[in-house]
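Q: Right, I'll just put the structure down here and ask away after.
What follows draws every value from the coordinates through simple rules; no lab data is involved. Predicted model, so just to flag it, every value in this text is computed and none were measured. Here the Cβ is made from the backbone with ideal geometry for all residues, glycine too, and neighbour counts use every protein chain on show.
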Amino acid sequence: MLRKLLIANRGEIAVRVIRTAKALGYRTVAVYSEADAKAVHVEMADEAVCIGPAQVSASYLNSDAILDAARRTGADCIHPGYGFLSENAAFATACKEAGLVFVGPPAAAIELMGSKRRSKIAMQEAGVPVVPGYEGNNASDDELIIAAKDIGYPLMIKASAGGGGRGMRLVESESELAENIKRARSESKQAFGDDELILEKAVIEPRHVEIQVFADSQGNAVYLGERDCSVQRRHQKVVEEAPSPFVTPELRQAMGEAAVKAALACNYEGAGTVEFLVDKHRNFYFLEMNTRLQVEHPVTELITGQDLVAWQLRVAEGLPLPLAQDDIHLNGHAIEVRLYAEDPAHGFTPQTGPLLEFKPAAGEGLRFDTGVRSGDAITPHYDPMLAKVIAWGRNRDEARRRLIRALEDTTIFGVTTNRHFLSRIIANETFGAGEATTAFLQQAFSDDPSLQPQTLDIRQLALAACVLDHGMSGQSAWSNAPATMTPIKLATGDSTVELLVTRSGNRLSVSMGEVRHTLELVSQRDGLLCIIDNGVRQTCQYHRQGNSLYLQAFGQSWSVRDITHQPATGPKGVGSGRIQATMDGAIIDVLVEAGHSVRQGDTLVILEAMKMEHPVKADRDGIVGEVHARKGDQVKRSQLLVEITADQNAERESTAKP
Ligand code: MV4
C-alpha cells in the first residue's frame, strides 16, 4: 500500500494532484524552488522540501534533489504532473531504482513515444492509422529526397526527437525540399541533440483531436472519449473541449479503439493521450502519444464524472481500472481555456508583476484550476498561466455561455491577461458553429479587436474619473455640493488623455475635447462602483494602487495612471532619447557606455524575452548619458534603460549652417 506521495511539480497541477491525493488519504510532499517558497502548492502539502534556486534546471528538473526530498520525507511514490520530468524516461527509471513508484507509465513506453519515427512504426504495426510518409532509420538527405517523390506535396519534415510542433517544417514543392531538410536537421540537432528526420504527407487544415486512454498493470485498457484542441496558437493550446463538435459516435468509437490498441501495443500503464489529426473527411491519423496527465484533463473529468488523478493513483497501487469500457458514459459538454498573464495586443508577451487581486467567478458548472492567489507575484521564471477556467453545460452552448460569464466575472487586477481574447473566441461565430480548425486563429480570428491595443472609450475614462474623485476631497461625493469643474490627466497604455470632470451632486460629466459622457453615481465602496449609465444600472470593479487605477466592467479590464499632479517630464516617445524596455525580459547584453556617441538605430541593449533576442535601439543621434541597464537584469516593459542626450558638437555644427 502506498501512503505518501511526492509531487514533483509546481503551480496548478501540483495543487490539483495534492487535492485528490489528500482526499484519498495520502500524505503529500511538495517540492519547491526558492522563488516558490510561499506558493499555494507548498502551503497545501503536508510537508515541503526546497530543491534549489528559481531556474528550472536547478530545481524542478533536478532529479537528484527531488529523489533526495523523497528519501528525506519517506515518500513512497512520485507524481510528476505535466512538463518538467513527466516524460523523462531516465527519471522514471531513477525513481524505480530508488524504490519509489513513479505515477506514470513504464520507462520503455515513455522512451518509445519520445521517438516520432519509432512510435510511428510501432503504431503502424499495431494497426493504428498513421499519416503516410517515410520513417527510415537515420535517413540521409538523399534517402529523404527520394522518399519525397512518392509522398508528394505539400509535405511535412518532422524531427524524430521533436514533438508538439517543435522541429517541424511544411514544404510546398520539390524545389524547397533540400534546403528545408538541411535547416530542419540543424535545428533539430540544436534543439534536441539529435538530427533524425521523418517525412509525412501534410494534412490540410486538420483538427487536433486526442483520445484519453487509461491502462492498468493487468493488461486492461479503456478510452474516456476525446478532446478537441484545434484552437491553438504557435502550437500552444488555447481552448480545449470535450466532446469534439466534429466527432460522430462512429468516429469516436473508431478513434477510441485505435487509441486503446496504441496503449496495449506499448504495454502502457496509467494515463495517456493519443493525439490524432482529423481531416475534413473525418479520416484520422496518429500523431504522437503523450505519456502523462495533460493540462486539459479536466474537460474529460467533467463529462465522464471521473477523477483521473484518482485513477492514476489506483493504477500506481497495482489495482485494476475502476471501470470497464461499457461503464464509461459521456454527459454534457465541457470547455476549458488557459487564462494567461500575457498581452495579446503585443504579440502575447508574458507579463510579470504583482497579481494585486485574483478572485475566480463562482457559478454552477464552473471549475477553476489554479496555483496562484491574490498578492502572488507572476515571475519570469515559470509559465505565466494564472488558471484553467473550465465550464460544464448540458450542451455546448450552455458550456460556452457559462465560460464567457466566468471569464468576464473573474476579478483580475495587476497584470494584463488574455481574458478578453479568450471570451471573444468562445463567443465567436465560427467557433460557436463548431467549425474551428487548427487554422482558426490565423484565419477567421486574425482581425479580432482583442488582438489590437486597447483604446479607452469615454465611458471607460468616465468610470476611472469617477473613482479618482478629484476635487471632492473634504466633501462627501454624495452630497448636493455645487458643481465643480476639474481638469485631470490620465496615462493609458502609450498615451495620455486630458479630461474635464464636472460634478454636480450625484451626476458626473466627463469631457474629452468634443466628446462628453455623463454618469449617475449610485454607490462606491469595497472596490465596487455602482453607476447608472443611459438609464441602465451597472457595476464596475476597481482597485487602486498608488497612482494606478485598475478597472473591470462590461467584460473588459483597463487601467489608467493618474498623472494630474505629476510634474511634466520631458517629451517621451520617438526621438526623446529616453530608451525604454520594449517588453518584460532579461538584459543579456549592454553594448554602450556613458559618453559613447550613437546614431539613431544603433543597438544599445539586447533584451531576451520569450526565448528570443530583441535589440533595443537608439531613437536619436547623441551621446549616451546614464545607462540604467546591466547585464543579467530583469526589466519590465517601459523601464528606462539608457538615456541619450544631444551631442553638443553636432548641435553647434548644425546651428552653424545657414
Ligand atoms: C501535421 C500537420 C499536418 N500534416 N502533420 C503540429 C503539432 C504537432 N503535434 C503536429 N503538428 C502538425 N502536424 C501532418 N502530416 C499539421 C500540424 C499542425 C497542427 C496540429 C495540431 C494542432 C495545431 C497545429 C497547427 C499547425 C500545424
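Q: Based on other C-beta atoms within 10 Å, arrange Glu12, Glu398, Glu514 from fewest to most.
A: By the 10 Å Cβ count, ascending: Glu514, Glu398, Glu12.
Q: Quick one: check the C-alpha center-to-center distance for the stretch 595-618 versus the stretch 390-455, whole angstrom.
A: Rounded to whole Å, the Cα centres lie 36 Å apart.
Q: Further question: Any chance you could tell me what percent of the C-alpha pair distances in the stretch 132-201 go past 15 Å?
A: 43
Q: If you don't mind, there's one more thing I want to ask. For the chain, what does -39500 (n - 2.57) per DSSP helix run (n ≥ 4), summed and divided by total residues, give at 222 nm, in deg cm²/dmol to the nearest 500?
A: Computed mean residue ellipticity for the chain: -7500 deg cm²/dmol.
Q: Can you divide the C-alpha Rg of the chain by 2.2 N^0.38 Å and report the result to two decimal places?
A: Against the compact-globule rule of thumb, the ratio is 1.08.
Q: When Rg is the radius of gyration of the Cα atoms in the stretch 193-288 and Rh is its Kirkwood radius, what does Rg/Rh come to?
A: With Rh from the inverse mean 1/r over Cα pairs, Rg/Rh is 0.99.
Q: Here's another thing I want to ask about it. Name the residues of the stretch 398-414 whose amide N is less than 17 Å from a point 7 angstrom out from the Cα of Phe554 along the C-beta direction?
A: Only 408-409 pass the distance filter.
Q: Taking only C-alpha pairs under 8 Å that are 6+ residues apart, what is the relative contact order of the chain in percent?
A: That works out to 8 percent.
Q: Using only Cα atoms, find the angle between the long axis of helix 63-73 and the longest principal axis of the chain, and express it within 0 to 90 degrees, rounded to the nearest 10.
A: In the chain, helix 63-73 runs at an angle near 90 degrees to the longest axis.
Q: So what is the diffusion coefficient of the stretch 4-103 in µm² per second by Stokes-Einstein at 25 °C and 0.890 mPa s, using a Kirkwood Rh over Cα pairs? Working shown, then result.
A: Numbers: Rh = 12.9 Å.
Rounded to a whole number, D works out at 190 µm²/s.
Q: Please give the direction-averaged projected area of the C-alpha convex hull for the stretch 458-562, in square nanometres with one decimal.
A: Numbers: hull surface 25.8 nm².
Averaged projected hull area, Cα only: 6.5 nm².
Q: Compute the relative contact order of the stretch 321-384 as a whole-number percentage, counting only Cα pairs closer than 8 Å that sit 6 or more residues apart in sequence.
A: Values: 49 pairs, mean separation 20.6, N = 64.
For the stretch 321-384, the relative contact order is 32 percent.
Q: Just round it to a whole percent: the fraction of Cα-Cα distances in the stretch 578-656 exceeding 19 Å.
A: Counting every Cα pair in the stretch 578-656, those more than 19 Å apart make up 33 percent.
Q: Using the alpha carbons of the stretch 249-402, what is the convex hull volume per residue in cubic angstrom, as a whole number?
A: On the way: hull volume 27.3 nm³, N = 154.
It is 177 Å³ per residue.
Q: Binning at 10 angstrom from zero up to the longest distance, how are the C-alpha pair distances of the stretch 62-121 distributed in percent?
A: All Cα pairs considered, the percentages come to 23, 52, 19, 5, 0.
Q: Moving to a separate point now. Work through the residues other than Pro106 whose Cβ is under 14 Å from its Cβ and net out their charges, Lys, Arg +1 and Asp, Glu -1.
A: With Lys, Arg at +1 and Asp, Glu at -1, the net is -3.
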